[in-house]
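The values are calculated or read from the model by the stated rules, or taken from the named source; none is laboratory data. Bear in mind the structure is a predicted one, so any value in this text is a computation, not a measurement. Don't worry about glycine lacking a Cβ; one is built from the backbone with ideal geometry, like all the others, and counts go over all protein chains shown.
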């Protein structure tokens, strides 16, 4: 009888944990502005180190929440002001085994760090639109984003 009680408690704890994980995911999706993506956390082994999760657009930030986590805070926060896309490519090597065929890998730079994120091809279009829809930046701060409008008067 004691073994059945322990097994029942373990099963109940496992179900409670699964419920908490899926409830957290549901809460993140309720506000809208969420996408499925993967962020490369570890680059030690070529093609590995990808972490699946949800990206949540909040103002000028893309907040990355790991898929199978109980954490309320995001794992990473990407600021639109300092984020540039350096390269766009298809998954290669072992990446093809862990990502759906229609996903694209983006190599980004945020400040002085490089970062790789992967998302569906249709999501890439929306992500790039969000990235370009931000307010204009100083032309010397980051390359690739022209600033429109009148030029300042020269003295």
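For the range 66-87, name all the residues that are in contact (Cβ under 8 Å) with a residue 24 or more places away in the chain, within 16 Å of residue 36 (Cα to Cα) and not in a loop (DSSP other than H, G, I, E, B). Walk me through it before giving the result.
Of all residues in the range 66-87, those in contact (Cβ under 8 Å) with a residue 24 or more places away in the chain come to 67-70, 72, 75-76, 78-86.
Those left that are additionally within 16 Å of residue 36 (Cα to Cα): 67-69, 75-76, 78.
The answer is 76, 78.
For the range 108-132, the tally of residues that are out of contact with any helix residue (DSSP H, G or I) (no Cβ under 7 Å at 6 or more places or on another chain), surrounded by 15 or more Cβ atoms within 10 Å (Cβ to Cβ) and free of Cβ contacts under 8 Å to residues at least 40 places away in the same chain stands at 3. For the range 34-42, state whether one or more residues are surrounded by 12 or more Cβ atoms within 10 Å (Cβ to Cβ), in a helix (DSSP H, G or I) and either modelled with pLDDT of 75 or more or in contact with a strand residue (DSSP E or B) (Cβ under 6 Å, 6 or more places away or on another chain) (or both). No. A count restricted to the range 88-109 and to residues that are more than 16 Å from the chain's Cα centre (by Cα) and in a strand (DSSP E or B) stands at 1. Evaluate the following for residue 63: is it in a strand (DSSP E or B) and either without any contact (Cβ under 8 Å) to a residue 40 or more places away in the chain or more than 14 Å from the chain's Cα centre (by Cα) (or both)? Answer is yes for this residue.
Has the range 59-70 got any residue that is surrounded by fewer than 18 Cβ atoms within 10 Å (Cβ to Cβ), in contact with a helix residue (DSSP H, G or I) (Cβ under 7 Å, 6 or more places away or on another chain) and more than 30 Å from residue 19 (Cα to Cα)? Yes, the conditions are met somewhere in the range 59-70. Scanning the range 14-33 for residues that are surrounded by 11 or more Cβ atoms within 10 Å (Cβ to Cβ) and on the phi > 0 side of the Ramachandran plot yields a single hit, 33.
Let's see how each residue does on (1) touching a strand residue (DSSP E or B) at 6+ places or on another chain (Cβ under 6 Å); (2) modelled with pLDDT of 80 or more; (3) farther than 29 Å from residue 83 by Cα; (4) outside any helix (DSSP H, G or I):
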| position | (1), (2), (3), (4) |
| --- | --- |
| 7 | no, yes, yes, no |
| 10 | no, yes, yes, no |
| 17 | no, yes, yes, no |
| 23 | no, yes, yes, no |
| 32 | no, no, no, yes |
| 46 | no, no, no, yes |
| 56 | yes, yes, no, yes |
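Considering the range 71-85, the residues that are touching a helix residue (DSSP H, G or I) at 6+ places or on another chain (Cβ under 9 Å) and surrounded by fewer than 18 Cβ atoms within 10 Å (Cβ to Cβ) include one that is farthest from residue 132 (Cα to Cα), namely 71.
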